[in-house]
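The values are calculated or read from the model by the stated rules, or taken from the named source; none is laboratory data. No experiment lies behind these values; they were computed from the predicted model shown. Counting neighbours? That spans all protein chains shown, and the Cβs are built from the backbone with ideal geometry, glycine included.
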Amino acid sequence: MLRLPAEPDALVSAAMPAIMRKPAEILRDPTGPLADLGTKPGLLPRQRIKGLVRRRMIRAPIEIDDAQVQPASLDLRLGTKAYRVPASFLPGKAKTVEQQLSELEYDEINLETGAVLERGTVYVVEVLEHLDLPESVSALANPKSSTGRLDVFTRLIADHSDVFDSVPGGYRGKIYTEISPSSFSIRVRKGSRLNQIRFRRRNPAQAETARFTLSDRDLLEQHQRMPLTDGEIALRNGLILSVDLTGDGDLAGYRAQKFTGVIDVDSIAEYDPRDFWEQVHVRDYNKLILDPNQFYILASRERIHIPPDWAAEMVPIDPMMGEFRVHYAGFFDPGFGATESGRPGSRAVLEVRSHEVPFVLEDGQAVGRLVYEPMAETPDVLYGQTETSNYQGQGLKLSKHFRV
């Protein structure tokens, strides 16, 4: 009787279709479907995101522009239709987004030539990019910095999902963005970019729910080699950031006006800040009372730097630290804040909204924290080295849509 060996020999293994081989074998194959992703766990850098595009693990009906690919993320583009819905939703494990939409009343809006999304309203838009991810690669999303600074709340939605801004490994299908302008009505069109998505590669021992962020000990050791922030570092499950209310020429921040015109999200340096913002000036005692449900742009006291082999995210404020939310747009790319001297050179701009009651902020008060995660590899281009690095070296700064 003919007996087969317990394991296929090299010749048989090479002849097997890639999909039938073990994951480890696929990774060792320099021409296999995961070859462009590398072998190291961590957030995928720019060059590996391009590998996902080449392998059609990210695909779109319109070619993906090289300018969409950031050092550690990909800008997502709005598709052709927006759906005005009565409320935010998640499809849950049993439904697709389309199925959930079919159960709601909605108005369909054509974005081919542009349309206004009104403040105080919720919209859902299918993005042009679709995903076909391997099991070892999951994704996480956030609003772009410019989106957050306009007080436009956006979240990514995937089919069969019960959480926002998260795509599981092995996901295949469409993705959507929920858009809710809060302070200003905005004009968008097919191809507008409001969200960004990162891709995380896991090793076989890591579950999707594993802790990926670096420890305070890691941060302290890195800070001793190359400073993460100017001055003394404060750590508590990440780098603690405090608010600067001393002001630049007594200007401490900006407060959104309640009644304004429309902002076109694709227009750069187009608008006069005075038509949309009120300046917030400090007083002698360096305190600011946040008005309920008002939106503020403030800046951190600390200047920060993101190392080339790390990425960071500003996480929502701990509710125990105050009745307000800080920073809607959370991604900080490798190289952010880099200077020739090696000293951290960029402040974090804080998007702040008080909740139901007035809240007093004091100069130097802790308002948020940065959590760090290792890159799988150092990006081939760092933040500050591309034309889309609009906020390198920033202090207190409005979004790119406003004239300086």
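A few points about this structure:
- Selection from the range 214-265 of residues that are part of a strand (DSSP E or B) and among the acidic types (D, E): D248, D264
- Flag for T147 being buried (at least 18 other Cβ atoms within 10 Å of the Cβ) and part of a strand (DSSP E or B): no
- Residue that is modelled with the lowest pLDDT [pool: residues in the range 201-222 that are of a type in the set (S, T, N, Q) and within 19 Å of G38 (Cβ to Cβ)]: Q206
Residue-by-condition table, conditions (1) in contact with a Phe, Trp or Tyr (Cβ under 9 Å, 6 or more places away or on another chain); (2) outside any loop (DSSP other than H, G, I, E, B); (3) at pLDDT below 95:
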residue: L76; (1), (2), (3): no, yes, no
residue: R84; (1), (2), (3): yes, yes, no
residue: P91; (1), (2), (3): no, no, no
residue: K95; (1), (2), (3): no, no, no
residue: Q100; (1), (2), (3): yes, yes, no
residue: I109; (1), (2), (3): yes, yes, no
residue: V116; (1), (2), (3): no, yes, no
residue: E126; (1), (2), (3): yes, yes, no
residue: L140; (1), (2), (3): yes, yes, no
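- Matching strands (runs of 3 or more DSSP E) fully within the range 333-384 where at least 1 residues are touching a Lys or Arg at 6+ places or on another chain (Cβ under 8 Å) and surrounded by fewer than 16 Cβ atoms within 10 Å (Cβ to Cβ): 359-362
- Which listed residue, of E126, E178, E105, is surrounded by fewer than 19 Cβ atoms within 10 Å (Cβ to Cβ), acidic (D, E) and either assigned by TED's automatic domain parsing to the domain that holds D264 or touching a residue at least 12 places away in the same chain (Cβ under 8 Å) (or both): E105
- Inclusion of G261 among residues that are at pLDDT below 95 and more than 30 Å from E373 (Cα to Cα) is not warranted.
- Exactly one residue out of D159, D165 is of a type in the set (D, E, K, R), on the phi > 0 side of the Ramachandran plot and surrounded by 14 or more Cβ atoms within 10 Å (Cβ to Cβ): that is D165.
- Residues that are surrounded by 13 or more Cβ atoms within 10 Å (Cβ to Cβ) and aliphatic (A, V, I, L, M) within the range 269-289 comprise V280, V282, L288, listed in sequence order.
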